[in-house]
Structure formats: C-alpha cells, structure tokens
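The values are calculated or read from the model by the stated rules, or taken from the named source; none is laboratory data. Predicted, not measured: the structure shown is a model, and the values here were computed from it. For neighbour counting, all protein chains shown are included, and Cβ atoms are generated from backbone atoms with ideal geometry for every residue, glycine included. For the accessible areas, the whole protein counts, side chains as well, though only heavy atoms, and no ligand, DNA or RNA atoms are used. Shrake-Rupley method; radii C 1.70, N 1.55, O 1.52, S 1.80 Å.
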Amino acid sequence: MLWKLLLIASLCLSPVLVRAQEEDQIMDGDEDSLDDGAPLDDGSPLDDGEPIVHEERTTEEEDFVIKASPDAKVFYAFPKMSDETRFPGGKMVKTLIGFQNNGHKSFIVENVEAGFRYPMDYNYVIQNFTSFRYNREVAPGATQTFLYMFVPSEQLAGGSRTFSLVMSLNYKDDEGNLFIDSPFNETVSVYEVDEGFDTEIFFMYILLAAFFGIMLFGAQYLLSSAFGGRKPARKTIETGTGGGIDYDYIPRDHLKKSAKAGKRD
C-alpha cells in the first residue's frame, strides 16, 4: 500500500521538476549569449557589418543668418526730437539714416523698414511701419543720408507701456551678397499729444466762413435781380424860385457892390 502512494506522488511531481529544469536551461543559455556579446557603442558593427557613422553638420547646413558688412557703418538722427525714447502718438516722426561705405566695393542700399516689437519677444510685432525703398548706390568712401518717416499709433499712447523700436537697413554689394544692419534698436514709449490752439485750423475756419459769406451774397444778388424787377425812374419837375430872392441871407457888402455896379451900367 505504501509503495503505491509513493508511485502516485512521484508521477505528480515529475512534470514540475521537468519544467523547472527546462526554465533553468533557458536562463543559462540567455546569460551565456549576453556574456559572449560585446557591449554596444557608437562604433559597434550593425547587422550588415557597417559601423555607425555620425554625420557632422557643415557650415553650409547651418541656419542662414544675414549680418552687417564690416566695410559699412550706419548711424541715425531724429532732427526734431529732443528725447529719442519718447515719440508722439498719431504724429509723423522723421528720421535721418546715414550710410558710410568704408570698403573698396560699392554698396546698393535697397530699403529701410521699421516696427514696434514686444521687448520680451522680438518675433511678436505690435505695429509695422511702411517700408521705404531707395535702391541707391553708395560708392567706396562715400556717405549718403536717407530720410525715413513713420507714424506711431495713437492707440499705443499713454500708460507705462514700452516697445522696442527696431529699424533695419537692407543693402547688398556688387556681387549680390545681402547684408542687414540696425541703425536704431532701443526701448521707447509713445505719449499722447496735448494739442492747444492750432493756428492752421483757426485760419481754415476763417477761410471757410469767408467762402460761405461770398456764396450767400452771390445767391442773394441773383435772387433779387431775377425776381425783384426794376423800379421806374421818377421825372424831375422844375418849379423855379416862385417867391423871388431872400436878401436876408446875402451879406450887405455884396449888396452894395452889386448896386454900384448897376448904376454904372
């Protein structure tokens, strides 16, 4: 009886022992395969036998950035501005931009553009101004001045807000190489203009009043001549002296002289 129980127990435990032995063999095989393999690195061969090669970026593949030419110098001036960091809202601002050619080749100044940008992010444009085109050649050793004008928006005036005023001057050389330089790149503000008595508007109102007065006078003259008609002229009738001469108003000296003259005749 005992040997039957032992036989039954051995038959039940035999599949478990076989499965455990198979798992141990599999794990031993994986460890051997890992130990035999070399650690991977950037230069280890691939499955096809070719090593990994890191491609180096050349200067031509870098981002194309237009810079200023070392042979050119730019400068600016605001003729009618006492403070170059405060601009009037709604009023035209004139800027003189100078370009000096210090090289041996000619430059062609193409255009000047400007705009208000957010000080914390130059990619965020608040107001764009009109681009002025010149296409003027500047010979070696020469200096030329260009007039640029812009009008800050009245909506930006007031408060403590500040903006970055960026001016860009685009030019190229004889070989077609492009350059860009910034004559002015500063933080500015826009203020409200307190307009008092404007003489131009006053004289404009006077001219308008005179014009309307002339128009009313002309219309009245035309209406009176068209509908008023002409009055007949009165005939004058001579009645004569009738009662003779009143000698009380004649001086006596004249009467004596006229009497003597009558006697002589």
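Below is a table of values for the structure above.
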| item | result |
| --- | --- |
| Dipole of the range 141-196, positive direction: furthest Cα of VAL193, GLY159, GLN144, with charges on the beta-carbon | GLY159 |
| Nearest-0.05 FRET efficiency for GLU175 and ARG133, computed from C-beta distance (R0 25 Å) | 0.75 |
| Mean accessible surface per residue for the range 107-218, computed with a 1.4 Å probe while every protein chain stays in place, in Å² | 65 |
| Segments 95-101, 151-157 sorted - mean Cβ within 10 Å per residue, highest first | 95-101, 151-157 |
| Packing rank of 212-220, 112-120, 173-181, where each peptide gets the mean count of other beta carbons within 10 Å, highest leading | 112-120, 173-181, 212-220 |
| Chain lengthening between LEU96 and ILE66 when straightened (0.36 nm per residue, less Cα-Cα) | 8.5 nm |
| When each of LYS67/LYS94; LYS80/LYS172; LYS73/LYS105; LYS91/LYS172 is checked by Cα-Cα distance, pairs over 21 Å | LYS67/LYS94; LYS80/LYS172; LYS91/LYS172 |
| Cβ-Cβ FRET estimate between MET149 and ASP194, R0 fixed at 25 Å, reported to 0.05 | 0.65 |
| In order through the range 98-104: 3J(HN,Hα) via Karplus (6.51 cos²θ - 1.76 cosθ + 1.60), integer Hz, x for Gly, Pro | x, 10, 10, 9, 9, x, 10 |
